1. Tell me yes or no: at least one residue of region 83-99 is in contact with a strand residue (DSSP E or B) (Cβ under 9 Å, 6 or more places away or on another chain), in contact (Cβ under 8 Å) with a residue 24 or more places away in the chain and more than 18 Å from residue 180 (Cα to Cα).
2. Taking region 206-229 only, how many residues are within 34 Å of the chain's Cα centre (by Cα) and farther than 15 Å from residue 187 by Cβ?
3. Regarding region 132-148, can at least one residue be identified that is surrounded by 13 or more Cβ atoms within 10 Å (Cβ to Cβ), assigned to a loop (DSSP other than H, G, I, E, B), modelled with pLDDT under 90 and within 24 Å of the chain's Cα centre (by Cα)?
4. Could you check how many residues of region 196-243 are touching a residue at least 24 places away in the same chain (Cβ under 8 Å) and out of contact with any Pro (no Cβ under 9 Å at 6 or more places or on another chain)?
5. Residue 102 - would you say it is aromatic (Phe, Trp, Tyr) and buried (at least 18 other Cβ atoms within 10 Å of the Cβ)?
6. Among (1) more than 30 Å from residue 116 (Cβ to Cβ); (2) surrounded by 14 or more Cβ atoms within 10 Å (Cβ to Cβ), which single condition is residue 211 missing?
7. Quickly run through region 230-246 and pick out the residues that are part of a helix (DSSP H, G or I) and either within 18 Å of the chain's Cα centre (by Cα) or not small (Gly, Ala, Ser) (or both).
8. Does region 247-276 hold any residues that are in a helix (DSSP H, G or I), within 20 Å of residue 170 (Cβ to Cβ) and β-branched (Val, Ile, Thr), and which are they?
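The values are calculated or read from the model by the stated rules, or taken from the named source; none is laboratory data. This structure is a prediction, so every number in the text was calculated from the model and none was measured. All Cβ positions, even for glycine, are placed from backbone atoms using ideal geometry, and neighbour counts span all protein chains on display.
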Amino acid sequence: MSFWKMLNSFLILLAISLLVTGCFSSKRRTTGEEPFFQKEEGLAEHGKKKAIDRIYQIDPGDKAFEVSDKFYTDPPRKIAILPFDNLIGGNYILNSVPIPRFSNKKKDRWNWTYANRLRRFFFGHFAAREFQDIELMYVDKMLQELGILTPNDLYEIPAQELGRILGADALIYGKVTDFKNSYYTLFAQIKIGLHIKCVSTEDGSILFEGEHKRYDNDIRVATNPLDFAIASFQNYMSLRDVYAARASEEVVRELVIRIPLVKSFIEEEEQRIKDRIKTKLTYLPTSDTEVFNEDKDGNTASPLIQDKTQTDSPNPPLLKGDI
């Protein structure tokens, strides 16, 4: 088959794909009465790779995670995620060869960029957990004001002292152990590794510690020169930033999901919400009361809504950990 015939076939398939995609409607396919707040299926397993996934993706995914007894008996409630230390540096590493940046300033920026991308991914997953997290911007501004500007500065200050300043029960330290790219025409790989350690600000003990590596591999098969050229280009494109972001997200997700669930925090949060509702809502409509009232313009609204609109200083929205 000639190149032009292959190109024409590809364009026809692309046109059909776009046509079929355009036929789908965004019209609601549900009733709108489906209940919120159900038990989420696979909450502790969703996103965690199994053996078959690693074999299929040729991803050994080196991992280790240890949790101390202290975490189970006295878990930390408020945790600060500190800037991650980048052990690889700011150079672009291709086939284990560091490619220097144009200047040390640019190199420093990329050193921070690689580490902080993983840190933000980690924070995104961690913020959904039952712990009280401290915003990254607050942590960073505090460290800058304290003159803690490098990893060496960070390691010199005791965890107890830093925890007192940040108001945290525990600190999470992170180290980027891998951020590499490999390209050998028919084989391409993005390798990203992260090590985390959670330290108690009460006594400096390690509450949990873990490390994980993600291998994002692409292997192509070519039987003729044209296939070889196409496969090589596809592998080259698989080294783009979007694939690195996907690998980074998988690394942190695997680590966060291994942090044990603290059910007591969830139960306490539920009780605080119930207590706040009892104290904040002055009127709760019941079956024996008139739920809707009519105003002078003939509009109707529930007493709860009317009470809210007539309040001079409305209550602020509920925030995580602010109940």
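1. The answer is yes; a qualifying residue exists.
2. 9
3. No, there is no match, as no residue in region 132-148 is surrounded by 13 or more Cβ atoms within 10 Å (Cβ to Cβ), assigned to a loop (DSSP other than H, G, I, E, B), modelled with pLDDT under 90 and within 24 Å of the chain's Cα centre (by Cα).
4. 27
5. No, not satisfied.
6. Single failed check for residue 211: (1).
7. Those that are part of a helix (DSSP H, G or I) and either within 18 Å of the chain's Cα centre (by Cα) or not small (Gly, Ala, Ser) (or both): 230, 233, 234, 235, 236, 237, 241, 242, 243, 244, 245, 246.
8. Hits for region 247-276 are 252, 256, 266.
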